[in-house]
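Working notes for the structure below.
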Amino acid sequence: MIVVTGATGNVGRVLVEVLAGAGEEVVAVSRGGGAAGSASGVRWVRGGVGEARSLRPALDGARAVFLVLGGELNFRGERPGALMEAVADAGAERIVLVSSQVSATRPEAASHARLREFEAAVRASGREFTILRPGGFASNALAWAESVRAERTVYAPFGEVALPVVDPADIAAVAAAALREDGHAGRVYELTGPEPIGPRRQAEVLSAALGEEVRFVELSRAEAYAGMARFMPEEVVAGTLDVLGAPLPAERRVSPDVEAVLRRPAAPFAEWVARHLPAFA
C-alpha cells in the first residue's frame, strides 16, 4: 500500500492516478477528503502533513509514503519528526518527499525553512528516502487563467527572465518510480523542464494554442508583490520574486534528472498547456 499526501494537488492528483493505474493499492490523503470520480482501488482519508495524528490511521499498513507540504509549507505548530515517528511506527519502508530546488540553491532563504526541516527529518528517519527538488511549476501559469479567459492578457513580472519550468505530471511520474522501484534510495533529484522559458514566451505559447492573440503586460516587482501577497505569506512572496527576477545560474540550469529516471525527455511547457487548455479558453 502506498500513501499519497496532498492527493488533490497538482502533483498528488496525477500521482494517485498513475499509481492506481499501475494496480497499486493507494490511500489518498487530503484536507478535503475524497475526490469525485477517483480511480478504483483508491481510499480517501482526511488529513495533513502538518498533523501527524491525522495521518496515523492512513499510514497503517503502508510500505511507502509520498509527502508534499503544499499549503502547509508555512505550518509551524508541529515538528517534522512527529510525522517521521508516525511513518516508522506504521512500518513504512520508503519515503518520497517533494522539496524545492531553492532548498539547495538558497539554503538561507526563510521562505523555504520548513522544507529544509522536512528534508533533515526524512534523512534522519531511518527509512529509505528519495528527495525531489523541482524548480518552478508549469502549472503556476494557472494564475493567469482568469485574465486570459476574460481579457486574453497575461500579467506577470520579469517577462524576459527564462527558467526551465517543470510539468507537475513529470514530478508525479518520477515520484511513482521512486515509490515503486528499487535504485532510488538516498537520491536527490532536481526536476526541471527541458528548456528555459520566460513569461512573455509562455504567453506566446498560450496564444498559439488558443489560436488567438494573448497580450503580455509586464508588472513591476511592486505590482507583482501586491497581487501575490493577497494569498501568500510575505516571506514566500519575497523569496519567489527573488528567484523569478534574479535567478542564480543553478536555477536556470536544465537538469537531466527527469530524463534519467523516466527514460524520456521532460515535457515542454507547450505540452502542459495542451492538456490544460480548457482552463484558459
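The values are calculated or read from the model by the stated rules, or taken from the named source; none is laboratory data. Nothing here was measured: the structure is a model prediction, and the numbers come from that model. A quick note on method: Cβ atoms are made from the backbone with ideal geometry, for glycine too, and the neighbour counts reach across all protein chains shown. These accessible areas exclude ligands, DNA and RNA; they are computed on the full protein's heavy atoms, side chains included. Shrake-Rupley method; radii C 1.70, N 1.55, O 1.52, S 1.80 Å.
Details
- Among (1) 0.99; (2) 1.65; (3) 1.32, the entry derived from the coordinates for Cα Rg over 2.2 N^0.38 Å: (1)
- Of all beta bridges that DSSP places with both ends in the chain, some 5 percent have antiparallel geometry.
- Other-chain or far-sequence residues with amide H under 5 Å of ALA62's (modelled H): none
- Region 112-253 - percent of accessible surface contributed by carbon and sulfur, probe 1.4 Å: 51
- Net charge of the neighbourhood of ALA229, taken over other residues with C-beta under 14 Å away and scored Lys/Arg +1, Asp/Glu -1, is -1.
- Close amide H contacts of ILE95 (hydrogens built in the peptide plane, cut-off under 5 Å, sequence separation of 5 or more or a different chain): VAL65, GLU128, PHE129, THR130.
- Sequentially through region 234-239, phi angles give Karplus couplings (6.51, -1.76, 1.60; θ = phi - 60°) of 4, 5, 6, 4, 4, x Hz, Gly and Pro residues having no value and appearing as x.
- Each residue, ALA222 and ARG252, gets one label point 7 Å from its Cα in the Cβ direction; the gap between the two is 2.8 nm.
- Of the trypsin sites (Lys or Arg not before Pro) found in region 76-155, those in coil by DSSP whose Cβ has at most 16 other Cβ atoms within 10 Å are ARG76, ARG152.
- Near VAL4: Cβ cut-off under 14 Å, other residues only, Lys/Arg at +1 and Asp/Glu at -1. The net charge is +4.
- For the chain, the longest principal axis of the Cα atoms and the long axis of helix 80-90 meet at an angle of about 50 degrees.
- Per residue, in Å², the accessible surface of the chain once ligands and nucleic acids are set aside, probe 1.4 Å: 44
- Once the Cα atoms are used to define both axes, helix 12-21 deviates from the longest principal axis of the chain by about 60 degrees.
- The phi torsions of region 171-182, fed into the Karplus equation with coefficients 6.51, -1.76 and 1.60 and a -60° offset, translate into couplings of 4, 4, 5, 5, 4, 4, 4, 5, 6, 9, 10, 7 Hz, rounded to whole numbers, with Gly and Pro shown as x.
- Under Karplus coefficients 6.51, -1.76 and 1.60, residue-wise ³J(HN,Hα) of region 259-265 in Hz, glycine/proline x: 5, 5, 7, 8, 6, 7, x
- Axis of helix 113-123 versus longest Cα principal axis of the chain: the two differ by about 40°, to the nearest ten degrees.
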